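Visitor: My questions all concern the structure below.
The values are calculated or read from the model by the stated rules, or taken from the named source; none is laboratory data. Computed from a prediction, not measured in an experiment: that's the story for all the values here. Note that we place each Cβ from the backbone using ideal geometry, even for glycine, and neighbour counts take in every protein chain shown. Note: accessible area is taken over every heavy atom of the protein model, side chains too, but ligands, DNA and RNA are not part of it. Shrake-Rupley method; radii C 1.70, N 1.55, O 1.52, S 1.80 Å.
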Amino acid sequence: MRTDTGQIVHLADYRPTDFILERVDLTFELDPTATRLEARLIFHRRDGADPKAPLVLDGDELTLAELRLDQNELPAAQFDVTPDSLVIRDLPEAAPFEVTVITIINPEANGQLMGLYRTNGVYCTQCEAEGFRRITYFPDRPDVLAPYTVTIIADKATNPVLLSNGNFLGGGNYDEGRHFAAWFDPFPKPSYLFALVAGDLGIVEDTFTTMSGREVALKIYVEHGKEPRAAYAMDALKRSMRWDEERFGREYDLDIFMIVAVSDFNMGAMENKGLNVFNDKYVLADPETATDQDYANIEAIIAHEYFHNWTGNRITCRDWFQLCLKEGLTVYRDHEFSADQRSRAVKRIAEVRHLKSEQFPEDAGPLAHPVRPTTYREINNFYTTTVYEKGSEVTRMIATILGRDRFKQGMDLYFERHDGDAATVEDFVACFAEVSGRDLTQFSRWYHQAGTPMVTASAEYDAASRSFVLTLEQNVPPTPGQSVKEPMHIPLSFALILDNGSIGEPSSITGGEVTDDVLHLTERHQTFTFSGIGARPVLSLNRGFSAPINLDFRQTPADLAHIARHDSDLFARWQALTDLALPNLLQAARDARDGKEITCDPAFLAALLEVAGDGNLEPAFRAQALALPSEADIARELGGNNDPDAIHAGRQAILAHLAREGAATFEALFASMRTEGAFTPDAASAGRRALRNSALSYLSYLDGGVARAADAFASADNMTDMTQALTVLAHRFPGEAATANALGAFLKRFDDNPLVLDKWFSIQATIPGVATLARVRALMEDPHFVATNPNRVRALIGTFAFANPTGFNRKDGEGYRFLARQILAIDPRNPQLAARILTSMRSWRSLEPTRAEHARTALGEISAAASLSTDVRDIVERMIQ
Ligand code: ARG
Ligand code: ZN
């Protein structure tokens, strides 16, 4: 393990390199423990650079075997080398020169899964962000772009497949049972987009004809025997390619596009030029083994990585502070794609749920940082939900403020102006400012100021003047390193809903800029007056979640119910139902804590059950409405001194109320939402399954719940229904024989399928209550638990810490102690994985004092460890600061 070096990187220190890299030529001789790489790098000194400046190359745990300058061995006096860097002096002032670096690397020993490593006998690379420096000494930064030629030599029998970026040049037999393949990528790229894959893999092939009529070969590589499970990914790829042409005018540029699925991967997937490498969880699917959520994830992530070809690869980032330039934008693009492929409103609801449950807590806790940070200690820790999801929301707001057409013009200008560049956030924003003539300076605070803005709203109708007055106030809370905040430009989509449910058209609106249905809140305090309103309307505000804010708008239950019934924006209807639910859930948590009886507002129950039974609404939407705010959502709304047990008990009581009140509705839904015929993963069928399983879960609160869930499990003919039934059994009836039987049957049936086993682990890791920690410990001893596989570790330990509020946050602190031990055990092998799982404790300060003290102690135990990776050190110190 590379232990902490502690250097902090500052955006303000950015300088271009002294040397321009012209070309890269790599020759790999693959060997499981001693791969030899000859890297030939052609440089010249940048115009105006210091003529004496040395060439400084990055390394990470490297061993230099040989070093040549223009093919001559370099005298020792001319360079300094350590595992972390190579510095060469006395280089030509102007003429190009060639540096040849030979390194020997051990892929088998690479447990970090950064650089070149082995997974199930397959050679594979992960270079973003700084993995290439674990392969060879290199100017490993995203603003150094060059065309790459790559030759791979390997044993032919064990590595029939040899892949790298770009187009295939040729290959053939080599010596001693070896063969070779050569690839050339003509598009200059930074090292983080380099990839190499070699091994014995199955292949699924197809073609795509681009909008200009070029035929592109599409290939997905998977483990032998898993080819049929790549069909959906291939379909999603072709749809993504077409969509990017139609929506953004972006055409694919190489002759071939490849995807490789591997089973050991730290993240979701990686957009290496022409050769995407995927966590196999986001490629493999069939009805027997994948849930509807799995299908939706595959579609989204295949699209995301493909879209990076333009937003990330053709236009990359100048430095890692600009990460949101490619990630936030590409998430926005994949969200739009999924919205076009599925139900836009339901997709938006799912996005906002995810944003609120993941990004809002990050923004409200010790790890809060701006979408475009200005310092980092370990860049791997900045692949965050803030950079990705809030980054996407910021892009969405640009589209909202400019309108669809102007936004498209801005994107066109960005693609045209910056193709081939390593760009900045400022470059991006400038394109939108230019096409719209708008000053986006204030708007840019969304990139620079961390924290979720709080907007407080109050409204009043004056019958005499037929006017409706809306008073708004905004506050951005202090975050680490940023105590004072400036007002933001917040676009708030709105509608005035009249008594009869129609949308009112004011004769004028004063008090600030209004475009279409968007109010532009730009001041700290701002009052909008809507004139010509004949009767008191109900204001629906922040429709579609046009801005990622917390909104404090005390609307009456009657007004919320009115929005829930009538808004033409389906998202706003869901939001209103959520706002109706929340006070009930918050009160229930308080009552549970105080040992009081838990009650529930009948008007809320009625509104929700009305939606549940409304056949005019799509089932997926009704399922979203029935999925009440989560325990984490309730904790966030409570804001501090939280007792997860009370939150859980309160929420359970409300669910039980709802189940009793809606028994007939749930019975009817469970019967009528069955999907007939062969399984299809389309959104409409998935919605029916979601609604039916939601009904099943409510019915579990009534008599006969166990038997019904056990029946549903036994009769399930697809993975969605099977895991939902198993979840109901395990979470509601953990001690029942029926549950043990179902878990046993599931394991027996799927014990040769790692992705399904992950589900088996996760379902058990999320069983509420104190007893689950012992179960998690026991599961770690199960022969199916593989401590080196990131998916498995996340499925059990990660899921327990992130998604089991009562099990993890035990009052005796055992959950935190357990996690601390696990982090220290994982860290030496895979720091990225350890650091990521540790972020599950990011909201520890909002716990009640006993738990918070235990959490602090556990964090202290981690930070006191003798050796820690930079990754874990960075997270733990920011968390306890
Ligand atoms: N660029 C990849 C993606 O969007 C993420 C890779 C992050 N990898 C890492 N080691 N930090 O989707
Ligand atoms: Zn990405």
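Visitor: Only one of A230, A217 is hydrophobic (A, V, I, L, M, F, W, C) and closer than 20 Å to I298 by Cβ; which?
Guide: Just a single option satisfies the conditions, and that option is A230.
Visitor: Can you name the residue in segment 459-480 that is touching a residue at least 24 places away in the same chain (Cβ under 8 Å) and assigned to a loop (DSSP other than H, G, I, E, B) and, of all such residues, is surrounded by the fewest Cβ atoms within 10 Å (Cβ to Cβ)?
Guide: Here the residue is A463.
Visitor: Of all the residues that make up segment 513-551, how many are more than 20 Å from E460 (Cα to Cα), in a loop (DSSP other than H, G, I, E, B), under 29 Å from the mean Cα position of the chain (by Cα) and not small (G, A, S)?
Guide: The total comes to 2.
Visitor: Show the residue pairs that are 6+ apart or on different chains and have beta-carbon atoms under 7 Å apart, the first residue being within segment 289-308 and more than 17 Å from M267 (Cα to Cα), the second being outside any helix (DSSP H, G or I).
Guide: That search, which allows pairs on different chains as well, returns T289/N753; D292/P681; Y295/A285; Y295/P681.
Visitor: If we scan segment 699-706, do we find a residue that is under 22 Å from A350 (Cα atoms), surrounded by fewer than 18 Cβ atoms within 10 Å (Cβ to Cβ) and at pLDDT 95 or above? Show your work before the answer.
Guide: Taking segment 699-706 as the starting set, the residues that turn out to be under 22 Å from A350 (Cα atoms) are none.
No, that holds for no residue.
Visitor: Kindly provide the set of residues from segment 710-741 that are in a helix (DSSP H, G or I) and among the aromatic types (F, W, Y), ordered by number. Give the derivation first.
Guide: In the first step, residues of segment 710-741 are kept if they are in a helix (DSSP H, G or I); the result is 710-715, 719-732, 737-741.
Scanning segment 710-741 gives a single hit, F713.
Visitor: Among the numbered conditions (1) part of a loop (DSSP other than H, G, I, E, B); (2) touching a residue at least 60 places away in the same chain (Cβ under 8 Å), tell me where L755 comes up short.
Guide: (1)
Visitor: Right, here's the next one. Yes or no: segment 79-88 includes at least one residue that is on the phi > 0 side of the Ramachandran plot and in a loop (DSSP other than H, G, I, E, B).
Guide: no
Visitor: The conditions are (1) touching a Gly at 6+ places or on another chain (Cβ under 8 Å); (2) open to solvent by less than 50 Å² (accessible area, probe 1.4 Å), and A795 fails exactly one of them. Which is it?
Guide: So the condition that A795 fails would be (1).
Visitor: Among (1) more than 16 Å from ligand 1 (Cβ to nearest atom); (2) out of contact with any Pro (no Cβ under 9 Å at 6 or more places or on another chain), there is one condition D334 misses while meeting the rest; what is its number?
Guide: Just one mismatch for D334, condition (1).
Visitor: Just give me the residues in segment 56-76 being free of Cβ contacts under 8 Å to residues at least 24 places away in the same chain and either outside the structural domain of C127 (by the TED database) or not in a helix (DSSP H, G or I) (or both), in sequence order.
Guide: Taking segment 56-76 and keeping what is free of Cβ contacts under 8 Å to residues at least 24 places away in the same chain, we get 72-76.
Listed by number, the residues that qualify are N72, E73, L74, P75.
Visitor: Anything in segment 348-374 that is away from ligand 2 (no atom under 16 Å from the Cβ) and assigned to a loop (DSSP other than H, G, I, E, B)? List them, or say none. Don't jump to the end; show me each part of the working.
Guide: Going through segment 348-374, the residues away from ligand 2 (no atom under 16 Å from the Cβ) turn out to be 348-350, 352-353, 355-357, 360-370, 373-374.
The answer is G365, P366, L367, A368, H369, P370, P373, T374.
Visitor: Across segment 382-437, which residue is surrounded by the most Cβ atoms within 10 Å (Cβ to Cβ) among those that are more than 16 Å from ligand 2 (Cβ to nearest atom) and polar (S, T, N, Q)?
Guide: Among residues in segment 382-437 that are more than 16 Å from ligand 2 (Cβ to nearest atom) and polar (S, T, N, Q), the one surrounded by the most Cβ atoms within 10 Å (Cβ to Cβ) is T400.
Visitor: Hey, among the residues in segment 113-159 that are farther than 23 Å from L201 by Cα and acidic (D, E), which one's nearest to ligand 2 (Cβ to nearest atom)?
Guide: E128
Conditions (1) among the small types (G, A, S); (2) closer than 28 Å to V793 by Cα; (3) crowded, with 20+ Cβ neighbours inside 10 Å, marked per residue:
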site: D643; (1), (2), (3): no, yes, yes
site: R651; (1), (2), (3): no, no, yes
site: R660; (1), (2), (3): no, no, no
site: A664; (1), (2), (3): yes, no, no
site: T720; (1), (2), (3): no, yes, yes
site: N753; (1), (2), (3): no, yes, no
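Visitor: Can I ask one more? Do you know which residues across segment 28-48 are crowded, with 17+ Cβ neighbours inside 10 Å and either closer than 15 Å to R134 by Cβ or of a type in the set (G, A, S) (or both)?
Guide: F28, T35, L37, A39
Visitor: Look through F553, F530 and report the one residue that is open to solvent by less than 30 Å² (accessible area, probe 1.4 Å) and farther than 30 Å from P373 by Cβ. Give the derivation first.
Guide: On the way: F553 fails: open to solvent by less than 30 Å² (accessible area, probe 1.4 Å).
Result of the check over F553, F530: F530.
Visitor: Sort through N584, N542 and tell me the only one that's touching a Cys at 6+ places or on another chain (Cβ under 8 Å), open to solvent by less than 30 Å² (accessible area, probe 1.4 Å) and in contact (Cβ under 8 Å) with a residue 40 or more places away in the chain. It would help to see each step written out before you state the result.
Guide: Values: N542 fails: touching a Cys at 6+ places or on another chain (Cβ under 8 Å).
Selected residue: N584, the only one of N584, N542 that is touching a Cys at 6+ places or on another chain (Cβ under 8 Å), open to solvent by less than 30 Å² (accessible area, probe 1.4 Å) and in contact (Cβ under 8 Å) with a residue 40 or more places away in the chain.
Visitor: Further question: Among the numbered criteria (1) more than 16 Å from ligand 2 (Cβ to nearest atom); (2) touching a residue at least 12 places away in the same chain (Cβ under 8 Å), which single criterion is violated by G328?
Guide: Failing condition for G328: (1).
Visitor: Could I ask something else about it? Go through segment 666-685 and count every residue that is surrounded by fewer than 23 Cβ atoms within 10 Å (Cβ to Cβ), in a helix (DSSP H, G or I) and not charged (D, E, K, R).
Guide: Step one: filter segment 666-685 for residues surrounded by fewer than 23 Cβ atoms within 10 Å (Cβ to Cβ), giving 667-668, 670-685.
Narrowing further to those that are in a helix (DSSP H, G or I): 667-668, 670-672, 683-685.
After this cut, where a residue has to be not charged (D, E, K, R) as well, the list is 668, 670-672, 683-685.
Qualifying residue count, segment 666-685: 7.
Yes/no per residue for (1) away from ligand 1 (no atom under 14 Å from the Cβ); (2) assigned to a loop (DSSP other than H, G, I, E, B):
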| residue | (1), (2) |
| --- | --- |
| D294 | yes, no |
| A303 | no, no |
| N313 | no, yes |
| L329 | no, no |
| A339 | yes, no |
| V346 | yes, no |
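Visitor: Still on this structure: Quick check on this structure: which one of L367, L325 is within 15 Å of ligand 1 (Cβ to nearest atom) and either of a type in the set (K, R) or over 13 Å from the mean Cα position of the chain (by Cα) (or both)?
Guide: Answer to the selection: L325.
Yes or no, residue by residue, for (1) in contact with a Lys or Arg (Cβ under 9 Å, 6 or more places away or on another chain); (2) within 16 Å of ligand 1 (Cβ to nearest atom); (3) of a type in the set (D, E, K, R):
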site: L86; (1), (2), (3): no, no, no
site: T100; (1), (2), (3): yes, no, no
site: M114; (1), (2), (3): yes, yes, no
site: N120; (1), (2), (3): no, no, no
site: R133; (1), (2), (3): no, yes, yes
site: D140; (1), (2), (3): yes, yes, yes
site: L145; (1), (2), (3): yes, no, no
site: D155; (1), (2), (3): yes, no, yes
site: V161; (1), (2), (3): no, no, no
